[in-house]
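Please read the structure below before turning to the comments.
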Amino acid sequence: MSRLAPRRRTVLTVAAIPVALVAALGATSQRAVDRWWPSFPHERLPAAADGSVHLRDTLTDAKGAHPREVTMRLVSLEPVTDYREGPGAKSQPVTLPPGQQMWRLSVHFAADPDTVLGACFVRVRDGAGREYVPGVARAVKDVLAYTSCTPPGAPGPMPALSRDEPATPADPARPAEYDRWYPVIMPSGVRPTAVRVWFDTPRYAEFPVTGS
């Protein structure tokens, strides 16, 4: 029996490895959730009777916390055959491979021109919960579209990167209200059902898409 004991201990040790591994992975996963969950959009903001959504929170940069208020509203989401950066911009041709369709998303924003809005995120969702990120990929020549919730060329005041960064007025000033356009490429036949917009907080605006 004494010669079998070490073998038995080895079998028991090997058998315990999966249990220990599962426990370790579970603890790691929970730590990841605790760390990243606050930065994911999981608190939907209420919508007003006209469909607009108002966000009131604070933005923190190197100089401290700043109040932020902005109202958002879905204007339109429709399939298009050209690219335009925004209202009044020139039309540019779009080249897409078979089986893809470009859509133009328009969102209206209203905020005090002196408010630091910061980075934002925009997603288009379909009925299956799949999300599509705005962009043109290689569909438009010499264009690098990026997601922003400020008008092109007039972003307004930016978050400070250091405490001693001098305060300079935005030039040109950001309009108090404006429409922001986003190109979104999706597979042909996909019908969007919702648009989500959020800044660097867990709270997000969701707009249902009808008649697409």
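Roughly what would the spin-label model give for Asp57 and Met158, points 7 Å off Cα along C-beta, in nm?
2.2
Quote the relative contact order of segment 138-212 in percent (integer), defining contacts as alpha-carbon pairs under 8 Å separated by 6+ residues. Please list the in-between numbers first.
Numbers: 51 pairs, mean separation 16.9, N = 75.
Result for segment 138-212 is 23 percent.
Can you list which of the trypsin sites (Lys or Arg not before Pro) found in segment 114-169 are DSSP loop residues with at most 14 other C-beta atoms within 10 Å?
On the way: sites: Arg123, Arg125, Arg130, Arg138, Lys141, Arg163; in loops: Arg130, Arg138, Lys141, Arg163.
Hits after loop and neighbour filter: Arg130, Arg138, Lys141, Arg163.
If amide hydrogens are placed 1.01 Å from N in the peptide plane, which non-local residues have theirs closer than 5 Å to the one on Val209?
Ala194, Val195
Can you give the local net charge around Pro183? Use residues other than it whose beta-carbon is closer than 13 angstrom to its beta-carbon, Lys and Arg +1, Asp and Glu -1.
Working: positive: Arg84, Arg104, Arg138, Arg180; negative: Glu78, Asp82, Glu85.
Around Pro183, the charge tally is +1.
In Å², and per residue, what accessible area does segment 52-162 have when probed at 1.4 Å with the other protein chains present? All intermediate terms of the calculation are to be shown ahead of the outcome.
Details: 5850 Å² over 111 residues.
Dividing the accessible area of segment 52-162 by its residue count gives 53 Å².
For Thr210, Thr150, give the ranking by accessible area with the largest first, probe 1.4 Å.
Values: Thr210 120, Thr150 15 Å².
Order by accessible area, largest first: Thr210, Thr150.
Please identify which residues in segment 74-90 have an amide N closer than 16 Å to a label point set 7 Å out from the Cα of Ala137, following the Cα→Cβ vector.
80-83
Below 8 Å between Cα atoms, with a sequence gap of 6+, how large is the relative contact order for segment 41-83 in percent? Present the calculation step by step, with values, prior to reporting the outcome.
Numbers: 40 pairs, mean separation 12.9, N = 43.
Across segment 41-83, relative contact order equals 30 percent.
May I ask you to give the percent of accessible area on segment 44-110 that is carbon plus sulfur, with a probe radius of 1.4 Å? Intermediate values should be presented prior to the final figure.
Details: 1870 of 3640 Å².
The nonpolar share, carbon plus sulfur, comes to 52 percent.
Along Cα→Cβ, 7 Å out, is where each label goes; now give me the distance between the ones at Glu165 and Phe40 in nm to one decimal.
About 2.9 nm separates the two model spin labels.
Semi-axes of the equivalent ellipsoid for segment 28-148, please: Cα gyration tensor eigenvalues, times 5, square-rooted, ordered largest first, whole Å.
Working: eigenvalues 171, 86, 53 Å².
Computed over segment 28-148, the values are 29, 21, 16 Å.
Select from segment 121-162 those chymotrypsin sites (Phe, Trp or Tyr not before Pro) which occupy a DSSP coil region and have at most 10 other Cβ atoms within 10 Å, ordered by residue number. Please report the intermediate quantities before stating the final value.
Details: sites: Phe121, Tyr132, Tyr146; in loops: Tyr146.
The qualifying sites are Tyr146.
Rounded to a whole number of µm²/s, how large is the Stokes-Einstein D of segment 101-212 at 37 °C and 0.692 mPa s, given Rh as the Kirkwood radius over C-alpha pairs?
On the way: Rh = 15.7 Å.
Rounded to a whole number, D works out at 210 µm²/s.
The values are calculated or read from the model by the stated rules, or taken from the named source; none is laboratory data. Remember, predicted model here, so these are calculated numbers, not experimental data. For neighbour counting, all protein chains shown are included, and Cβ atoms are generated from backbone atoms with ideal geometry for every residue, glycine included. We work out accessible area using only protein heavy atoms, side chains counted, and drop any ligands, DNA or RNA first. Shrake-Rupley method; radii C 1.70, N 1.55, O 1.52, S 1.80 Å.
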